[in-house]
1. Report those helices (runs of 4 or more DSSP H) wholly inside the stretch 191-285 carrying at least 1 residues which are over 29 Å from the mean Cα position of the chain (by Cα) and surrounded by fewer than 19 Cβ atoms within 10 Å (Cβ to Cβ).
2. When residue 563 is evaluated against the numbered criteria (1) within 20 Å of residue 486 (Cα to Cα); (2) buried (at least 20 other Cβ atoms within 10 Å of the Cβ); (3) out of contact with any helix residue (DSSP H, G or I) (no Cβ under 6 Å at 6 or more places or on another chain), which criterion, by number, is the only one it fails?
3. Could you pull out the residue among 401, 423 that is under 26 Å from residue 507 (Cα atoms), without any contact (Cβ under 8 Å) to a residue 40 or more places away in the chain and surrounded by fewer than 17 Cβ atoms within 10 Å (Cβ to Cβ)?
4. If you go through the stretch 466-495, how many residues are part of a helix (DSSP H, G or I) and closer than 18 Å to residue 508 by Cα?
5. What are the residues in the stretch 404-420 that are farther than 18 Å from residue 97 by Cα and buried (at least 22 other Cβ atoms within 10 Å of the Cβ), if any?
6. Out of 144, 121, I need the residue that is over 30 Å from the mean Cα position of the chain (by Cα), assigned to a loop (DSSP other than H, G, I, E, B) and surrounded by fewer than 21 Cβ atoms within 10 Å (Cβ to Cβ). Which one?
7. Which one of these does residue 503 not meet: (1) more than 21 Å from residue 618 (Cα to Cα); (2) in a helix (DSSP H, G or I)?
8. With respect to residue 203, is the statement that it is modelled with pLDDT of 95 or more and within 20 Å of residue 278 (Cα to Cα) true?
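The values are calculated or read from the model by the stated rules, or taken from the named source; none is laboratory data. Values in this document were obtained by computation on a predicted structure and should not be read as measured data. All Cβ positions, glycine included, derive from the backbone under ideal geometry; neighbour counts span all protein chains shown.
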């Protein structure tokens, strides 16, 4: 095997560039139907190491995805490939995604073999932390002297490192680069981020017994704060011990603030905590009493000294006051917010509500009027309070058919759209994301509009996410799978606009979306839930992968949404909260605060992500209803009081007008987007 890659010639590079340009320029001029079918067969053969792929390839010379074929064949037999074969591919297809993948995989193989000489010949920076760490080993093997700033500083700043970096860190320790100061710097960052695994991986390089003990206490405080506080009664006072106690109290307060407070009281006489540590604990105890809406929570938040206050404690002072419907306290809490917080639409809305409750109608109306000019959840609510039309000012990209198709002149976008046509969304997004940074504004506009036209909605949604593009409502709120959504929604007895809003909020139309909890597809269904629904309703279901198919996912997702609605009197806003956080938490919140008006109840949902989720779903429901019918059902009509049955709007239902204020239409007032949200955590977290 040669010790270094073959030299590239200028002629070879020119040919490669010319071929790449040719793929892009003709990609949209050829009928791709037959080529796609041929490519499917050739790609399947190449992935299996079948040399027969070459007999199919001659008709694919101008096909945008052709470079993936030889790459797949090489990848299959990479263990037997020579450096010359790998280098030849890299020379022919420089910069392409399959070339980067091949280089990365080959480097991993070389590192596994400890073939450091060839590794160094193929390596270049920017291939990820794993290979950066293996490169440290390669240079060490070549006799290079390691330098912390040059070789390790960037890696050291990462929140976590892959297991493959263990060897490089061992070498750094051997070279004396992992000093106690550097180790504690990384440990302290890991503690602040709650990363117990990073703490443990770093602490093993501490050499002093006292340092190792201190790190072990911090690790225990992160993982089992109750045990740490029990053991702390036998710890000697010291800076590291105090830090571990404060950490443990704050962590325990998340799930049991009474136990945390009791432990804190026991230990304050034993340890010389400074004022900053006392403030941290006071803020944590007050915050988690507030998130449980305990008696005395409001007084505890008000009593916090300024040094202990944070944006989160100030926010929760408002929420607790809202839960108590103490409007004077609400106004005082709003006045105590940071200036930046006071500019947020949520708090502007609650200021207007408080002013109205406290008999300041003129001030309340002025506040509502300013807010009603924004197409957001709180803007729509404000319009309802004033009985005004909704401020929706649609624009269109202004791209014609020829301009949209010209997006395919870019070779990377041509490859992206081919993968999309082949129903390979992950590969399509990789090519899109690789192409996007090099596009100018006009190219991006054409590409995103073409994505919308071809039904690749998630790309248009991501692309049109700021500025005037927020007013491209057709593209940002697509009516995809319209017949299916309408049919299934009506069969399930739910509002189609609500079903669309769930899809938009859950996945933003990413058909193969997958969460950390393994929720799948457009409506983010768990495979177990999908299996039960399919069994109960006698539907075909072949397993988790079926949820990547829109028809299956929408059919089952709408049925699940209908079940959630049935549990909560048909109420779409309560069912949305349950769809996101689970029905049991929602039931607990109803038991505690079920007499509140809907807007107050939403504001007092303990989970931050679920609050945002419900707000987004309701705002998106209104926008989708407008798209479907031209005039939407009032947002307040979608928010019946708790215990009041809700039914989808009938054909004769009263609807609210939509009007574009001149100040928005001419651009003198920037429009705001209805906030998007991600699925909320299903368990209590900190902060919320």
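1. Helices (runs of 4 or more DSSP H) meeting the threshold: 209-223, 225-231, 239-255, 257-267.
2. (2)
3. Answer to the check: 423.
4. 10
5. The one that is farther than 18 Å from residue 97 by Cα and buried (at least 22 other Cβ atoms within 10 Å of the Cβ): 407.
6. From the options 144, 121, the qualifying one is 144.
7. (1)
8. The answer is no for residue 203.
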